[in-house]
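To start, the structure under review is shown below, and the notes come after it.
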Amino acid sequence: MKTRNIFKTVKGQPVIDGAGVHLIRVLGPSDVYDIDPFLMLDAFDSENPEDYILGFPMHPHRGIETITYLINGEIDHKDSLGNGGTIEEGESQWMTSGRGILHEEMPQASDRLFGLQIWLNMPKMSKMDEPAYFDITRDMIKSIDLPENGGVVKVISGSYDDINGVDTRHVQVTIFDISLNPGFEFEIPSNEENNLFIYIFEGNGFFGENEDIIVDNKTVAIFDEGDHFKAKAGANGLRFMLFSGKPLREPIAWGGPIVMNTDEELDEAFRELRLGTFIK
């Protein structure tokens, strides 16, 4: 057994995106080969609607999947294919942009907007597949109580203790929302072929074999190779997201909301946007 240890941490930085949304940008282009098949992670946490109410008006995507996970708040969405709806508290939305989609995401005023969006790369062979939406409702996210009142694991995708999350469309990944009570130690097996990282929402904790280094909230920790993952909550408890997946190891050509494999494919996507032929 080899326990994974942290080899890199990334502290989230405040940015403004969309039409004026205040975000915590944690992962992006400089981290992609450490977190492959994932691409980017933005988190949001605000009790002031002025930080987010202008939202993300209609914009394009191609070649990726976006996964939005909402702990608190409400986000309305619609797209160029006629889909529309609302992501409620405790729900997730998995959007496959495939060959191209235009969509908008508009957070609604609430006591707190709290959650994240992560981008997942699509394999070269699937990048031009048909776009699709997959709404993951509260009843589809299974919660498992840990022993000794240690906390809760919510399974969005992947499997924990024989409890399965949703089936992903193109790349099989594990996404858990894990809450640990103060001092509780948590350990799970991990596929040694996968990349694995975590994002801390609240509290802090220790990870791997080194209990001399504590990782604070609003931080990503990226782990080295191993077949086990271990965490221990700090004195105030710990809530974090765990992400794991087998790397695609394919070339990445990234231009804003579009991620392809070559610069030529990227140029073609933006040419189609200019000509009005992006949506197939």
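For the chain, with only Lys/Arg (+1) and Asp/Glu (-1) charged at the beta-carbon, what is the dipole magnitude about the Cα centre, in debye rounded to 20?
For the chain, the charge dipole is close to 440 debye.
For a quick check, take a GNM of the chain with Cα springs below 10 Å and name the residue from Ile67, Ile118, Ile163 with the largest mean-square fluctuation.
Ile163
Just the accessible area per residue of the range 170-225, please: how many Å² with a 1.4 Å probe?
42
Could you tell me which residue out of Ile200, Trp94, Phe184 lies farthest along the dipole of the chain toward its positive end? Charges go on the beta carbon: Lys and Arg +1, Asp and Glu -1, centred on the Cα centre.
Checking the options against the dipole of the chain, the answer is Trp94.
Running a GNM on the chain with Cα contacts under 10 Å, which residue among Tyr69, Tyr52, Tyr133 ends up with the highest mean-square fluctuation?
Looking only at Tyr69, Tyr52, Tyr133, the largest GNM fluctuation is found for Tyr133.
Quick one: what do you get for the range 1-145 if you divide its Cα Rg by 2.2 N^0.38 Å?
Scaled against compact globular proteins, the figure is 1.08.
For the range 95-252, build the convex hull from the C-alpha positions and give me its volume per residue in Å³.
About 143 Å³ per residue, rounded to a whole number.
About its Cα centre, what dipole magnitude does the range 56-169 give when the only charges are +1 on Lys and Arg Cβ and -1 on Asp and Glu Cβ, stated in debye to the nearest 20?
Using only the charged Cβ atoms, the result is roughly 580 debye.
What is the percent carbon and sulfur in the accessible area of the range 1-94, measuring with a 1.4 Å probe over the protein chains and ignoring ligands?
Ligands and nucleic acids excluded, carbon and sulfur reach 51 percent.
So how exposed is His77, as accessible area in Å² (1.4 Å probe, rounded to 10)?
So the heavy atoms of His77 present about 10 Å² to solvent.
Would you kindly derive the ³J(HN,Hα) couplings of the range 221-230 from the backbone phi angles with the Karplus curve 6.51 cos²θ - 1.76 cosθ + 1.60 (θ = phi - 60°), listing them in order in whole Hz, with x for Gly and Pro?
10, 9, 10, 7, 6, x, 10, 9, 10, 9
Evaluate E = 1/(1 + (r/R0)^6) for Ile214 and Ala132, where r is the Cβ-Cβ distance and R0 equals 41 Å; express this FRET efficiency to the nearest 0.05.
Step by step, r from the Cβ atoms, then E = 0.50.
Need one number: nm distance between label points at Ile188 and Asp162, each 7 Å from Cα along Cα→Cβ, rounded to one decimal.
1.7
Relative contact order for the range 34-157: what percent, with Cα pairs under 8 Å and sequence separation of 6 or more?
32
Dividing the convex hull volume of the alpha carbon atoms of the range 77-158 by its residue count, what do you get in Å³ per residue?
124
Roughly how far apart, in whole Å, are the Cα centres of the range 168-234 and the range 98-129?
That distance is 23 Å.
For the chain, build the charge dipole from Cβ charges (+1 Lys, Arg; -1 Asp, Glu) around the Cα centre, then report which of Val152, Met140, Gly20 sits farthest towards its positive end.
Of the listed residues, the answer is Gly20.
For the range 259-269, just list the computed ³J(HN,Hα) in residue order, Karplus coefficients 6.51, -1.76 and 1.60, θ = phi - 60°, integers in Hz, with x standing in for Gly and Pro.
Listing the rounded values in order: 10, 10, 9, 9, 5, 5, 5, 5, 4, 5, 4 Hz.
For Asp111, Asp34, what's the largest-to-smallest order of accessible area, 1.4 Å probe?
My answer, sorted largest first, is Asp111, Asp34.
Can you figure out the FRET efficiency of Thr9 with Lys280, using R₀ = 45 Å and their beta-carbon distance, to the nearest 0.05?
0.65
What is the pair-distance distribution P(r) of the range 31-117, computed from all Cα-Cα distances in 10 Å bins starting at 0, with each bin given as a whole percent?
Here the calculated profile for the range 31-117 is 17, 49, 30, 5.
Using just the helices of the chain, give the 222 nm mean residue ellipticity in deg cm²/dmol: DSSP H runs with n ≥ 4 each add -39,500 (n - 2.57), and the total is spread over all residues, rounded to 500.
-1500 deg cm²/dmol, from helical runs alone.
Note down the accessible area of Trp94, probe 1.4 Å, to the nearest 10 Å².
Its heavy atoms expose roughly 0 Å² to the probe.
If Ile222, Ile53 are ordered by their accessible area, calculated over protein heavy atoms with a 1.4 Å probe, which sequence runs from highest to lowest?
The ranking, largest first, comes out as Ile53, Ile222.
From the convex hull of the Cα coordinates of the chain, what is the mean projected area in square nanometres?
14.2
If you place +1 on the Cβ of every Lys and Arg and -1 on the Cβ of every Asp and Glu, how big does the dipole about the Cα centre of the range 186-270 come out, in debye to the nearest 20?
The calculation lands at about 540 debye.
Ignoring ligands, DNA and RNA, what accessible area per residue does the range 229-271 give at 1.4 Å, in Å²?
The answer is 42 Å² per residue.
Which residues' amide hydrogens lie under 5 Å from the amide hydrogen of Glu89, considering only partners 5 or more residues apart or on another chain, with H built in the peptide plane?
Gly73
Could you work out how much longer the chain between His228 and Glu47 gets when fully extended? Use 0.36 nm per residue separation minus the Cα distance between them, nm to one decimal.
Fully extending the segment from His228 to Glu47 adds 61.5 nm.
Go ahead and run the numbers for FRET between Met140 and Leu54, Cβ-Cβ distance against an R0 of 35 Å, rounding to 0.05.
Computed FRET efficiency for Met140 and Leu54: 0.70.
The values are calculated or read from the model by the stated rules, or taken from the named source; none is laboratory data. Here the structure is a predicted model, which means the values were calculated and not measured. Cβ coordinates were reconstructed from backbone atoms using ideal geometry, including for glycine residues, and neighbour counts include every protein chain displayed. These area figures cover heavy atoms from the full protein model, side chains too; ligands, DNA and RNA do not enter into them. Shrake-Rupley method; radii C 1.70, N 1.55, O 1.52, S 1.80 Å.
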